1. So what's the net charge close to Gly274: Lys and Arg +1, Asp and Glu -1, counting the other residues with Cβ under 15 Å from its Cβ?
2. Hull surface divided by four, with the convex hull built on the Cα atoms of the chain: how many nm²?
3. When the Cα centres of segment 43-59 and segment 146-178 are compared, how far apart do they sit, in Å?
4. Using the Karplus curve 6.51 cos²θ - 1.76 cosθ + 1.60 with θ = phi - 60°, what ³J(HN,Hα) values do you get for each residue of segment 84-92, in whole Hz, with x for Gly and Pro?
5. Around Arg11, which amide H atoms from residues at least 5 apart in sequence, or from another chain, sit under 5 Å from its own amide H, with H modelled in the peptide plane?
6. Given the rule -39500 (n - 2.57) for each run of at least 4 DSSP H residues, summed and divided by the residues of the chain, what is its mean residue ellipticity at 222 nm, to the nearest 500 deg cm²/dmol?
7. Charges only on Cβ, +1 for Lys and Arg, -1 for Asp and Glu: so what's the dipole of segment 11-266 about the Cα centre, in debye to the nearest 20?
8. Where does the charge balance sit around Gly88 when Lys and Arg score +1, Asp and Glu -1, over other residues with C-beta under 13 Å from its C-beta?
Amino acid sequence: MTSPIKTSWGRVLIIAGSDSGGGAGIQADIKTVTALGGYAATAITAITAQNTLGVRAVEPVSPAMIEAQARAVLSDIGADIVKTGMLGDAEVVALVARLLDEAAVPAVIDPVMVAKGGARLLAEEALDLVRTLLVPRAALLTPNAPEAEALTNLTVETTDDLRRAGEVLLRRGARAVLMKGGHIVGAHGQEGRVTDILMTPDGESVFEGERIETRHTHGTGCTLASACATGLAQGMSLEAATARAWDYVHRAMLSAPGLGAGHGPLDHGWPLRGTI
């Protein structure tokens, strides 16, 4: 189903929800892919009315329209990778699994379940299908600690817990997992540091840095997954793509514009203005 035309851009088809506040979801994904030199196309799964204070309303897009968007992109522009975000319900999860099989390109699966403000973005009955249909199709799976707990039924409170959950997800078919440690403290109570672990069947790479004390963290998960997807679409190795993505998010947090009264957005455009 994917167009045979290839480019050097790195084409990323994003299947996710829209964030009216621009900090997360499709908006964050497009900004990230563009800032890193890729080409972003989209299939929108839901429209949300939200800002930095939370989600006010969600209106799902019909599965037929989601499918039509994806097929329109894949049949003409094509994609080098698919990145998923908010999917909403079981019917959409099953649809995305079918589209991934037909597209026959790698997928970065960000198992979005709950918004930063606490609103649920994945129906409970869809969780089993994420486990059985999307985890095995992931070239890279990017769960945070609460998402890892939901996917594995393990307690994830330390860096060692992250590793145990990551091993389970690899056994369930994910080809690589980026276990994000922003919600937890380190194995030795290192509260001032954040540790993410990239795990594959061949080993692991650790990304660690000082925790940034800021309320401007809205969209960090979407942004990191899209940055990884862009690098992979551009032909970078998994480790190199993840390292660039990690640095991109870190700098985007440091230069956040300070918008809103709640969980504010990142500065996705910092590479366009030079390094900080």
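Each value in this text was obtained by applying a stated rule to the coordinates, not by laboratory testing. Model, not experiment: these values are computed from the prediction. Positions of Cβ are backbone-derived with ideal geometry, glycine not excepted, and every protein chain shown enters the neighbour counts.
1. Around Gly274, the charge tally is 0.
2. The Cα convex hull of the chain, projected and averaged over all directions, gives 13.0 nm².
3. For segment 43-59 versus segment 146-178, the Cα centre distance is 28 Å.
4. 10, x, 5, 10, x, 9, 5, 4, 6
5. Under 5 Å from the amide H of Arg11: Tyr39, Asp80, Ile81.
6. -10500 deg cm²/dmol
7. 360 debye
8. -4
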